[in-house]
Amino acid sequence: MNLFQQHFPTFTPQQLQLFKQFETEFRIINEQVNLVSRADMDNFAERHILHSLGIAKVVQFPKGSAVLDVGTGGGLPGLPLAVAFPEVHFHLVDSIGKKIRAVQFMAGALGLDNVTAEQTRAEQLRPKYDFVVSRAVARLATFHPWVAHLFKPKGLRESGMYLLKGGDLTEEIAESGLVATVTDLAQFFPEEFYETKKVVFVPANSRAR
């Protein structure tokens, strides 16, 4: 828990406890449904929960806003962000049923009433959102058309996609034709894992050139 207190000193004891419980629940489910590799579980707090929370270093979701997590897998980054922003609604989607059932179970176990989870593809969704988040699901040129229609027409100034990615993104951003802002997570998290990790922001009204 020191890891989260260190990087997010405003988290309450209740939030810190929920992160601990999330790791416990995830470990149990991961034995039955392979959400992340067994080796990854050794560094789960640092490389999965904290990584998800990297988005919270770049944007503060306003109270009452709506966030879509595309390709959530085992609830990452959606569930950690839902703990961090209890007054924001999160809709987590994935095309794989067993993963969504795992997410629904964990959200229930954690008492996260600000989370809904659904087995579907982003292209099939009709509701509108203020924000879209995702963790290394697809290249920007592929991902953006899936979600471009999902933003509220009169969104917030900071509305858009916040994507967790890694490595040199110059070519990927150029290929997409989108205006993107890249934030290095290494400036917030000194752990070695974060040397190449980034958050990519693409505004909601961005159109490929």
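The values are calculated or read from the model by the stated rules, or taken from the named source; none is laboratory data. Predicted model only: the values in this text are computed from it and were never measured. Quick reminder, even Gly has a Cβ in these numbers, built from the backbone with ideal geometry, and neighbours come from all protein chains shown. To get the accessible areas, we keep the full protein, side chains included, count just its heavy atoms, and leave off ligands, DNA and RNA. Shrake-Rupley method; radii C 1.70, N 1.55, O 1.52, S 1.80 Å.
Note on the chain: helix-only mean residue ellipticity at 222 nm, from DSSP H runs of 4+ residues weighted -39500 (n - 2.57) and normalised by residue number, equals -9000 deg cm²/dmol.
What translational diffusion coefficient, to the nearest whole µm²/s, does the range 38-85 have by Stokes-Einstein, given a Kirkwood radius computed over alpha-carbon pairs, a temperature of 37 °C and 0.692 mPa s viscosity? Reported coefficient: 287 µm²/s. Using a probe of 1.4 angstrom and keeping all protein chains present, the accessible surface of the chain works out to 47 square angstrom per residue. The residue list Pro153, Val199, Phe188 was ranked by how far each Cα lies along the charge dipole of the range 107-209 toward its positive end, using unit charges on Cβ atoms, and Pro153 comes out on top. With 0.36 nm allotted per residue and the present C-alpha distance subtracted, the Glu191-Glu123 stretch has 20.9 nm of extension available.
Here the simple spin-label model places points 7 Å from the Cα toward Cβ, and for Ala109 and Phe44 these points are separated by 0.8 nm. For the chain, the convex hull drawn through the C-alpha positions has a volume of 114 cubic angstrom per residue.
Going 7 Å from the Cα of Asn34 along its beta-carbon direction, which residues of the range 96-123 have the amide nitrogen within less than 19 Å of the resulting point? So the set is 96-103.
Percent of C-alpha pairs per 10 Å bin in the range 103-209, short distances first: 13, 39, 34, 13, 0. Out of Tyr162, Tyr129, Tyr194, any idea which swings most in a Gaussian network model of the chain, alpha carbons joined below 10 Å? Top of the fluctuation ranking is Tyr194.
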